[in-house]
Structure formats: C-alpha cells, structure tokens
Amino acid sequence: MQKTADSGKAANMKEFFGAYSMDVVTSTSFSVDIDSLNNPDDPFVTNIKKMLKFDLFNPLFLLIGLTDHEILSQSMMYIFVGYETSSSTLTFLAYNLATNPEIMKKLQEEIDEVFPNKAPVTYEAVMQMEYLDMALKSLRIYPISARLERVCKKTIEINGVTIPKGTVVIIPVYALHHDPELGSEPELFKPERFSKENKDSMDPYVYLPFGAGPRNCIGMRFANAMMKLAVVQILQNFDLATCDETEVMSIKDSG
Ligand code: HEM
C-alpha cells in the first residue's frame, strides 16, 4: 500500500484485502505462509483462484471431489467462507470510510488514543475498541449473505401463520437491514447506531450479517479480529479517500 500511495496512483482496495484475506486463510487453515500480493504466481495462490472460479458442472471438479472428497470439501469451505467474505467486507468498510471522512477521522482518533505514536497493535487492545467495532458493523449496509435459509423441522404456527414441516424458510437479511421501520436512515453509514446506548434497544434479529442461532457463522470472532487488525494498521498509516475511479453507489437506486 505504501508503494501505491507513494506512486500517487489509485489503490484497488479489493486487491489488497483479497491478498490479505488469502494470506490469513492459507496461514491459519493450511499453515502455509505466502505473500500473495507480492507472489501472485505462487502455485497456492493461482490454484486457489482457479478453485474460486469453479464450475460445479466442470467434470474436473467432480473428479477431484470423488478422489479426496473430505479434505477437498473442508478446504474449499474454509477458503470460500473465509476469503471472499472478509475481503469484501473490508472493501465495503474502506468505501464507507473514504466516502465519510469525518467518521474515518474519528476512528483514527480512537486508534491514535489506544496506540499512541503508532505503538505496536495488540489483539487485546484492538478488541476493546468501541468505535472500531461500531464502524465495522457497517456490514449492515452490505451484508455478504443477503439472505439466510432454514428448513422447518416440525410444523409450527407463528403469529397465525402455519409453517409445515419441510418448508424452506428464507430470512431476508438485506431487506431487514434496509427496512426504515426497523432503523432510521438505513442506507446511511452511521456507526453511532451501534453505540452502547442504542445497541440495547435494538432487536438482535434485525442485524444478521453473521446469521443467528446454532448454525450461525463459526468464523465470526476470527473474521472480526482479522478485519479489525487490518483496519487499525491501515488507518495508523494512511487516509482513505475517493478518487476518479471510485464508483459511488446509491443503495436506494440499486433497489
Ligand atoms: C466478514 C466475514 C464473514 C461473514 C460476513 C460471514 C457470514 C456468514 C453467514 C451469514 C453464515 C450463515 C449463518 C446462518 O445461516 O445463520 C456463515 C456461516 C459459516 N461461516 Fe461465516 N462469515 C464470515 C467469515 C467466516 C470465516 C473467516 C470463517 C472460517 C474461518 C467462517 C466460517 C463459517 C462456517 C463454517 C459457516 C457454516 C456454519 C454452519 O453451517 O453451522 N466464516 N457465515
């Protein structure tokens, strides 16, 4: 990032966060240390990228699946759920910060308060940072999983509606996050809506970026930690700003 900043060129944040997520996934899940940003030709990186573009109907995919099914499916699972989710979330957060410089400044103030003079970042201190946590909850605006699904295990009646056993029930996460009746100005990036005072009055089932219940995301704590560490280190050293290439999104228009 420093090189890109020094060159004065625009940074493609998804490229940086993609490489970071890839390095975290490969080192934690497979104990393989790669610097994927600087070694894009590393066989581990190229093969994972190929895998991420997989086509279920490609006979090669089925062939691999049949030969070493368990190992492959577990590895695929960790790469899918860990890589794309956290790199996209970080990219959306970078966008939100670049388009809301006053919020970025506030976050930088918290960071400088907790780690004066760019002191080394520690896990314990990062996880105590309130404003950082509130800002990261911008996951609300762009939930990676726009909907959740559950299969009804036994026929049940809820509020006069009977749901027969076996029915697939869709939980519309994106719609819940953007419903103005459930939160004011839902399309705006407002970390304050997750302040301690406001959080207590919030229905926990209207904020579901990691799902809910016994089958919610098992990587939530891990993902939050790795994303927070990255945000702190980046904002200690850089300001994020929009540039000509930034596509400003209009949530309302996107429907
Ligand atoms: C920002 C990052 C992430 C987001 C937004 C995210 C989101 C989600 C969501 C919405 C679900 C479905 C939950 C439900 O149906 O209630 C899920 C499931 C899951 N996630 Fe994540 N996830 C993230 C990162 C990770 C990471 C880093 C890992 C592993 C290292 C992970 C592992 C899993 C697994 C294994 C499941 C399936 C759990 C089950 O079916 O019991 N996730 N995630």
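Hey, can you tell me all the residues within segment 1-43 that are buried (at least 17 other Cβ atoms within 10 Å of the Cβ) and either more than 22 Å from the chain's Cα centre (by Cα) or in a helix (DSSP H, G or I) (or both)?
Correct list: Met13, Phe16, Phe17, Gly18, Ala19, Tyr20, Ser21, Met22, Asp23, Val24, Val25, Thr26.
Out of the helices (runs of 4 or more DSSP H) lying entirely within segment 140-255, which hold 1 or more residues that are surrounded by fewer than 16 Cβ atoms within 10 Å (Cβ to Cβ), within 16 Å of the ligand (Cβ to nearest atom) and modelled with pLDDT under 95?
Working: elements: 173-177, 196-200, 220-237.
Filter on segment 140-255 gives 220-237.
Return the residues of segment 27-54 that are of a type in the set (Ser, Thr, Tyr) and either over 23 Å from Ala94 (Cα atoms) or touching a residue at least 24 places away in the same chain (Cβ under 8 Å) (or both); say none if nothing qualifies. Outline the logic, then answer.
Just the residues of segment 27-54 that are of a type in the set (Ser, Thr, Tyr), to begin with: 27-29, 31, 36, 46.
Within segment 27-54, Ser27, Thr28, Ser29, Ser31, Thr46 qualify.
The values are calculated or read from the model by the stated rules, or taken from the named source; none is laboratory data. Note that the structure is predicted; figures quoted are calculated from it, not measured. Don't worry about glycine lacking a Cβ; one is built from the backbone with ideal geometry, like all the others, and counts go over all protein chains shown.
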